[in-house]
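Just below is one structure, and these are the notes that go with it.
The values are calculated or read from the model by the stated rules, or taken from the named source; none is laboratory data. This one's a predicted model, so the numbers in the text were calculated from it and none came from an experiment. Neighbour counts are summed over all protein chains in view; Cβ atoms, including those assigned to glycine, are modelled from backbone coordinates with ideal geometry. Areas reflect the complete protein model, heavy atoms only, side chains present, ligands, DNA and RNA absent. Shrake-Rupley method; radii C 1.70, N 1.55, O 1.52, S 1.80 Å.
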Amino acid sequence: MKNVIPILEPIVSPWMEYVVNDFQLQKDLLDTYDSPLNIHHLQSFEANIEEYVSFFKQYNFRSKIFYARKANKCSSLASAAFKSGIGVDTASYAELKQCLDVQINAEDLVLTAAIKNTKLLRLAIQHEVLIIIDNRDEAKLIYNICQEEDKQANVGLRISGFEFDNKKLRSRFGFDIDQVEDFILQFFDSKNVQKYMNFTGFHYHLDGYDTRQRGAALHQTLDLIETLKKHHFNASFIDIGGGILINYLKSKEQWDLFQDELKKAVLGNRDPITYNNNGLGFIARDNKVEGKLATYPYYNEMPKINFIKSVLEVKNEENISVFKRLEEMDIELRLEPGRSLLDQVGITMAKVAHRKQDANGNNLIGLEMNMTQMTSSSADFLLDPIVTYSRPSENKNEVEVYFTGAYCLERDFILKRKITLPKLPEIGDIVTFVNTGGYMMHFFETEAHLFELSQNIFAHKISAQTKASDFFRDEKNLESMRDKKTV
Ligand SMILES: Cc1ncc(COP(=O)(O)O)c(C=O)c1O
């Protein structure tokens with residue numbers, strides 16, 4: 001049975017349109033920087049920051065945003081976040097060191113690394129960067145280093161295990177909320193610990209995208225703060241981490257249809273729409289589909305500030321909303337958005353190396369890139385890529401293709417989805433994956449086979465007049481700081 005391959009049209013910003021409509025610009029860029037290449041648009045990043053900042057201005061509670069730089073490794077973005085007036089959340093020694101090297105103020109940094117060794121903690125303590133403590137061992141290590149350095153550390157505690165719908169939201173991170181009060185009362189009991197460690201607030205980051213869960217966690221943390229106040233422990237902030245939704249796709253109908261067709265394919269009721277009929281989380285059992293789509297919710301109707309607004313409006317049993325309690329208790333709300341600040345900020349371009357057909361007649365388009373340069377924890381990146389043809393008007397015949405990569409793995413498919421194109425690409429044509437700035441381009445990138453890591457370039461503005469020479473390499477950001485002898 002041959003059916004139409006469902007399409008998933010991405011939201012494409014005007015700056016991305018300029019790039020994909022200009023084959024010569026793309027070619028010049030790939031000739032200069034090699035394939036694949038990650039392009040970033042700083043104006044879009046700044047606009048995302050501004051959206052959050054102006055949103056919080058309508059409320060009467062204090063707030064502070066830290067850009068979670070783990071979502072994209074470029075230092076230019078960390079610098080731009082700081083220049084736009086927000087802080088940076090760091091998750092490793094190199095992330096923190098680089099931020100300090102580019103002169104980001106210590107009070108605009110937070111260290112949330114999952115694993116913190118002595119070297120990393122010492123750096124944070126020496127520079128008075130707020131450390132979010134994950135566990136008792138870490139707390140003791142911080143105390144020891146503070147004594148050695150004779151410095152006081154600002155610390156917050158990461159917590160988890162909130163209750164939601166009569167179940168515990170389990171996590172490997174942080175102190176269990178039911179045990180953290182005892183820990184605080186015991187650990188900070190001594191004058192000496194208080195001399196070296198200044199407890200300032202709480203932190204959590206929840207998986208999933210349920211705004212009611214986030215709201216419930218905030219209420220439970222506010223309750224905890226009220227209890228601790230009676231023991232003279234004053235928390236001044238709650239940092240709710242990141243995980244704020246963004247919407248990648250234009251159409252709900254396309255999103256729903258895609259899932260319906262995928263289920264049909266998994267049941268064998270239509271031709272596959274993924275390589276080897278991968279169910280992306282759906283499986284067939286007894287002629288029924290089980291499981292869930294194991295991808296990011298690429299289409300959703302609660303992106304960014306809509307998501308936060310919904311969290312802030314969650315009410316507790318006394319019918320008081322989160323934002324009212326933050327206001328009344330004078331608690332600062334902190335946020336660590338990564339992906340959502342990178343919405344519409346980056347694209348990844350790669351050159352077509354070859355075309356071939358496998359034994360089943362599938363068209364395989366070999367790209368000069370590998371799967372790790374387009375990978376996140378999502379089972380697939382469900383956005384149609386855009387092909388820029390050197391000869392767009394010749395031999396127009398729709399084709400269905402898969403994109404394959406350079407690793408010696410049968411599974412090196414850049415996308416698992418089959419894609420319909422207006423015509424077969426030629427060698428040297430350029431494929432662009434849009435909105436890859438958050439996680440897709442860097443998070444799992446490896447250098448197997450000694451392939452070099454892809455380069456990252458930036459422009460502040462991009463228009464129809466933009467030339468290859470208007471872009472700068474991310475590393476230039478650090479080099480220019482070095483030239484100014486600030487590193
Ligand atoms: C502690 C913490 N903060 C912030 C983030 C950023 O989340 P996102 O990029 O989804 O906004 C993460 C992501 O894993 C995280 O673990």
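For the range 252-269, a residue qualifies if it is open to solvent by 20 Å² or more (accessible area, probe 1.4 Å) and of a type outside the set (D, E, K, R), and the qualifying residues are Q254, W255, L257, Q259, V266, L267, G268, N269. Counting only residues that are assigned to a helix (DSSP H, G or I) and within 22 Å of L130 (Cβ to Cβ), which one in the range 192-215 is farthest from the chain's Cα centre (by Cα)? Here the answer is N192. Of the residues screened, I414 is not one that is of a type outside the set (D, E, K, R), touching a helix residue (DSSP H, G or I) at 6+ places or on another chain (Cβ under 7 Å) and surrounded by fewer than 22 Cβ atoms within 10 Å (Cβ to Cβ).
Looking at the range 1-57, the helices (runs of 4 or more DSSP H) lying wholly inside it that each contain 1 or more residues that are open to solvent by less than 10 Å² (accessible area, probe 1.4 Å) and in contact with a Pro (Cβ under 8 Å, 6 or more places away or on another chain) sit at 42-56. Would you confirm whether any residue within the range 347-364 is free of Cβ contacts under 8 Å to residues at least 40 places away in the same chain and acidic (D, E)? Scanning the range 347-364, I find at least one residue that is free of Cβ contacts under 8 Å to residues at least 40 places away in the same chain and acidic (D, E), so the answer is yes.
Listed here are the helices (runs of 4 or more DSSP H) enclosed by the range 80-181 that have at least 2 residues being open to solvent by 10 Å² or more (accessible area, probe 1.4 Å), polar (S, T, N, Q) and at pLDDT 95 or above: 118-126, 136-149.
Criterion applied to F403, F381 was being within 28 Å of the chain's Cα centre (by Cα) and assigned to a loop (DSSP other than H, G, I, E, B), and the one residue passing it is F381. Looking across the range 322-338 at every residue that is in contact with a Lys or Arg (Cβ under 7 Å, 6 or more places away or on another chain) and open to solvent by 10 Å² or more (accessible area, probe 1.4 Å), the one that is nearest to L109 (Cα to Cα) is identified as R334. Looking at (1) of a type outside the set (A, V, I, L, M); (2) open to solvent by 10 Å² or more (accessible area, probe 1.4 Å); (3) within 16 Å of the ligand (Cβ to nearest atom); (4) touching a strand residue (DSSP E or B) at 6+ places or on another chain (Cβ under 6 Å), which is the only condition G208 fails? That leaves (4) as the condition not met.
Specify which of the listed residues (L77, L96) is within 16 Å of the ligand (Cβ to nearest atom), under 17 Å from N456 (Cβ atoms) and either assigned by TED's automatic domain parsing to the domain that holds E148 or touching a Pro at 6+ places or on another chain (Cβ under 8 Å) (or both). It is L77.
When D384 is tested against (1) out of contact with any helix residue (DSSP H, G or I) (no Cβ under 7 Å at 6 or more places or on another chain); (2) farther than 27 Å from L42 by Cβ; (3) in contact (Cβ under 8 Å) with a residue 12 or more places away in the chain, exactly one condition is not met: (2).
Scanning for something of a type outside the set (K, R), open to solvent by less than 50 Å² (accessible area, probe 1.4 Å), under 28 Å from G437 (Cβ atoms) and out of contact with any Gly (no Cβ under 9 Å at 6 or more places or on another chain), does the range 227-240 turn up at least one residue? Checked against the condition, which is being of a type outside the set (K, R), open to solvent by less than 50 Å² (accessible area, probe 1.4 Å), under 28 Å from G437 (Cβ atoms) and out of contact with any Gly (no Cβ under 9 Å at 6 or more places or on another chain), the range 227-240 yields at least one hit. Flag: F55 matches the condition of being more than 20 Å from the chain's Cα centre (by Cα), touching a residue at least 24 places away in the same chain (Cβ under 8 Å) and within 16 Å of the ligand (Cβ to nearest atom). Quick check, is N435 open to solvent by less than 50 Å² (accessible area, probe 1.4 Å), touching a strand residue (DSSP E or B) at 6+ places or on another chain (Cβ under 9 Å), at pLDDT below 95 and not β-branched (V, I, T)? No: the conditions fail for N435.
Kindly establish whether L341 is buried (at least 20 other Cβ atoms within 10 Å of the Cβ), within 13 Å of the ligand (Cβ to nearest atom), modelled with pLDDT of 95 or more and among the aliphatic types (A, V, I, L, M). It is true that L341 is buried (at least 20 other Cβ atoms within 10 Å of the Cβ), within 13 Å of the ligand (Cβ to nearest atom), modelled with pLDDT of 95 or more and among the aliphatic types (A, V, I, L, M).
In the range 443-462, is there at least one residue being under 20 Å from L367 (Cα atoms), open to solvent by 50 Å² or more (accessible area, probe 1.4 Å), within 16 Å of the ligand (Cβ to nearest atom) and at pLDDT 95 or above?
The answer is yes; a qualifying residue exists.
One residue stands out in the range 216-240 among those that are touching a strand residue (DSSP E or B) at 6+ places or on another chain (Cβ under 7 Å) and within 16 Å of the ligand (Cβ to nearest atom): the one that is nearest to F164 (Cα to Cα), namely L218.
Go over the candidates S54, S44, S76 one by one and state the one that is closer than 25 Å to K467 by Cα, out of contact with any strand residue (DSSP E or B) (no Cβ under 7 Å at 6 or more places or on another chain) and among the small types (G, A, S). Within the list S54, S44, S76, the selection yields S44.
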